[in-house]
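Everything on this sheet refers to the single structure shown next.
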Amino acid sequence: KQWYQRRVAITAGGCKAASTTTGIKPGTKYGGKTTVTLIPGDGVGPEICESVTTIFKEMAVPVEFETIELTKHTLNDEGSFNMAITSLKRNGVGLKGVLNRSGDFRHHNMEFRGNLDTYANVVRAVSFDGIKTHHTGIDLIAIRENTEGEYSCLEHESVPGVVESFKVITREKSMRIAKFAFDYALEHNRKKVTCIHKANIMKLSDGLFKKCCQEVSELYPTIDYDEQIVDNTCQQLVINPQQFDVMVMPNLYGNLVSNLAAGLVGGAGVVPSKSYGSEIAVFEPGARHTWMEMKGMYVANPVAMVLSSAFMLKHLTLHDAGDKLIQAVKLVLNKQSCKTRDLGGNATTPEMTRAILNELDTLYA
């Protein structure tokens, strides 16, 4: 049977070492299966996560999901929040939907990243032949420092009508993300790292970030290094995105660049991401949109979440399964055999899921 053949291929496939970029252990195994924390999140999150669980079940991958229901309605529930943190710390690997805003979302979102120290967010934007966009041949990596900068959440109203917001940049975390970016480039055979900054205006904070990137670049003579001011970067992304390879930047710029890059290759529905800490990896869509107005309609594009799950499989050293899942998604998109609303079609989430499974059937035949 095809499912048995898939299981054999996955089990027998060459298991390489875990990523040298992070040094994270692939995960904890119980009964031959790796337990992964699954947080479907808000909006269409549960629907696109259902696509992943359906695909994993039919592929017979040795992954067991521990599902934690964490949404905008439970973010303020310390029990639910702590349960999610505990699960992720215990399992070391998570697959996560997008959490919508709640009254105390700012605090919990930063606490989420702070507790896990998922300091490096990696978004890969790649052109697909079957998605018509203004540019072709895009393949860039946006690496975002995920724990400080403008997202430090330190702000107050000093006097009525006057609000001060603090941007925190530290040498320790800037050096850490810079080294991560160069290690990532080296490990993935990338040729260039570009530091994105606004040091012409924020001379101390962004100046420190840029200086750290410069220092680290000297340790990697085989990797080209350059710098760009963030507003010029946005213009260059629109004019000539192919010039970029690996980009490293503080928190806010990473948010802007990642979403812009997603728009260049087809939108939020096709761009995956992963966030790394020293002992944990969390995989999620690259452009963090919940699409609340379409909740329950099963019309969302699951590709971003499916690709994120494929990269998670590769992180778990299930390389054959991860590679075949990525290949199946590319075949569906490039053949234009199934297109959801965001891609100009009318396919539903389950129909896109089935199209991916059909391609997997062919690949495993």
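So is THR317 among the polar types (S, T, N, Q) and either closer than 23 Å to VAL36 by Cα or in contact with a strand residue (DSSP E or B) (Cβ under 7 Å, 6 or more places away or on another chain) (or both) or not? Yes; evaluated as a whole, the condition is true for this residue. For GLU157, are the conditions met, namely being of a type outside the set (S, T, N, Q) and at pLDDT below 95? Considered against the rule, which asks whether it is of a type outside the set (S, T, N, Q) and at pLDDT below 95, GLU157 comes out as yes.
Close Cβ contacts (under 8 Å, 6 or more residues apart or on different chains) running from residues in region 31-42 that are among the charged types (D, E, K, R) to residues that are surrounded by 21 or more Cβ atoms within 10 Å (Cβ to Cβ) and assigned to a strand (DSSP E or B) comprise LYS33/VAL63.
Under 20 Å from the mean Cα position of the chain (by Cα) and modelled with pLDDT of 90 or more: is that true of LYS57 in this structure? No.
Of all residues in region 140-168, those that are over 30 Å from LEU219 (Cα atoms) and either in a strand (DSSP E or B) or in contact with a helix residue (DSSP H, G or I) (Cβ under 7 Å, 6 or more places away or on another chain) (or both) total 12.
The rows are residues; the columns are (1) assigned to a helix (DSSP H, G or I); (2) open to solvent by 20 Å² or more (accessible area, probe 1.4 Å); (3) not aliphatic (A, V, I, L, M).
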{"position": "TYR298", "(1), (2), (3)": "no, yes, yes"}
{"position": "LEU307", "(1), (2), (3)": "yes, no, no"}
{"position": "LEU313", "(1), (2), (3)": "yes, no, no"}
{"position": "ILE326", "(1), (2), (3)": "yes, yes, no"}
{"position": "GLU351", "(1), (2), (3)": "yes, yes, yes"}
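Here the condition is being at pLDDT 95 or above and closer than 15 Å to ASN251 by Cα; of SER174, SER165, SER152, it holds for SER174 alone. For LEU331, the stated conditions hold: it is of a type in the set (A, V, I, L, M), open to solvent by 10 Å² or more (accessible area, probe 1.4 Å) and farther than 26 Å from ILE143 by Cβ.
Here's the yes/no breakdown for (1) over 28 Å from VAL271 (Cα atoms); (2) among the hydrophobic types (A, V, I, L, M, F, W, C); (3) in contact with a Phe, Trp or Tyr (Cβ under 7 Å, 6 or more places away or on another chain):
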| residue | (1), (2), (3) |
| --- | --- |
| THR133 | no, no, no |
| ASP139 | no, no, no |
| ARG144 | no, no, no |
| ARG171 | yes, no, no |
| MET202 | yes, yes, no |
| SER205 | yes, no, no |
| LYS211 | yes, no, no |
| ILE223 | no, yes, yes |
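Taking region 334-347 as the range and being outside any helix (DSSP H, G or I) and crowded, with 17+ Cβ neighbours inside 10 Å as the test, the residues that pass are CYS338, LYS339, THR340, ALA347. Within region 169-200, the residues that satisfy the criterion of being in a loop (DSSP other than H, G, I, E, B), open to solvent by 50 Å² or more (accessible area, probe 1.4 Å) and at negative phi are HIS188, LYS191, ASN200.
Listed conditions (1) within 19 Å of the chain's Cα centre (by Cα); (2) surrounded by fewer than 18 Cβ atoms within 10 Å (Cβ to Cβ); (3) modelled with pLDDT under 85 are all met by LEU99, apart from (2). Scan region 122-146 for residues that are closer than 23 Å to GLU187 by Cβ and modelled with pLDDT under 95 and jot them down. Once the filter is applied, which keeps residues that are closer than 23 Å to GLU187 by Cβ and modelled with pLDDT under 95, region 122-146 yields only ASN146.
The values are calculated or read from the model by the stated rules, or taken from the named source; none is laboratory data. Everything numeric in this text was worked out from a predicted model, so none of it was measured. Glycine also receives a Cβ, built like all others from the backbone with ideal geometry; neighbour counts cover every protein chain displayed. What goes into the accessible areas is simple: the full protein's heavy atoms, side chains included, and nothing from ligands, DNA or RNA. Shrake-Rupley method; radii C 1.70, N 1.55, O 1.52, S 1.80 Å.
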